[in-house]
Amino acid sequence: LLDHECGHVRLTDFDVWTSRIQTFTSNYGRRAARVFKGFLNSIEDYWMEKAFSMIYPGCRKNILSGVPYLIDAHFYDFDPSMDSNPHSDIHAYILLDLCAKCYGHPTLVQNASSYKQKVIDRFGDELETKFSDLLVKADTCKSTSDASNLAEELFMLIQDSQDPKVQDIVSNAS
């Protein structure tokens, strides 16, 4: 975790982070800003760890060696069989998808697959495909601003949807 947090100190633009969340709160309300912040956090973590590992290659090894401990400590425990709110489901899907891509740990890959299916079952294949297509862009992020822009694109899929189940992602965010 130390390497992860050092990566934030070195690479995260906290002015962008704070201003984008404030803008979302003003434009869309507190619940929407919470959804956006969750997306931003997952995408920014993914970008930052990859970029930090390019600067300091040893930190990738350190982070990878810590993943099994985080799994054992139930840090990545999301149970797709549990009845959860729509916001939690979509956030777990994004977080696990990016973590599985970044770390490749079998438990994370399995959990990501389970959550992908839960999102398909809950919101439909179309929304999952759109999210999946956008999440590929996480590999092209080069800054907090890029991560923020991608998080906004994901949020707008929800905002622009006419499906009440999809709209519940924001209305159930607390």
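What the Cα convex hull of the stretch 1-109 gives, in volume per residue, is 102 Å³.
To the nearest 10, the accessible area of H74 is 120 Å² with a 1.4 Å probe. Here the chain is treated with +1 on each Lys and Arg Cβ and -1 on each Asp and Glu Cβ, and its dipole about the Cα centre works out to around 320 debye. When each full DSSP H helix of the chain is screened for a Cα extent of at least 24 Å along its own axis and an average Kyte-Doolittle hydropathy of at least 0.0, the helices passing are 57-72, 86-103.
Taking all Cα-Cα distances within the stretch 28-174, those exceeding 22 Å account for 38%. In straight-distance terms, cross-link reach from K116 covers every one of the lysines whose alpha-carbon lies under 21 Å from its own, apart from those fewer than eight places away in the same chain; here that gives K37, K101, K130, K137, K165. Could you look at the chain and say what percent of its accessible area is carbon and sulfur, using a 1.4 Å probe and all protein chains? That share works out to 53 percent. For the chain, the solvent-accessible area with a 1.4 angstrom probe is 52 square angstrom per residue. Taking all protein chains as shown and a probe of 1.4 angstrom, D160 keeps an accessible surface of around 100 Å². For the chain, the residue among A51, T129, I158 whose Cα projects farthest onto the positive side of the dipole built from Cβ charges is A51. Once C-alpha pairs closer than 8 Å and six or more residues apart are averaged by separation and normalised to the residue number of the chain, the relative contact order reads 34 percent.
The values are calculated or read from the model by the stated rules, or taken from the named source; none is laboratory data. Everything numeric here is computed off the predicted structure, so don't read it as measured data. We place every Cβ from the backbone using ideal geometry, glycine too, and count neighbours over all the protein chains shown. Ligands, DNA and RNA are stripped out before the accessible areas are found, and what is left, the full protein with its side chains, is counted by its heavy atoms. Shrake-Rupley method; radii C 1.70, N 1.55, O 1.52, S 1.80 Å.
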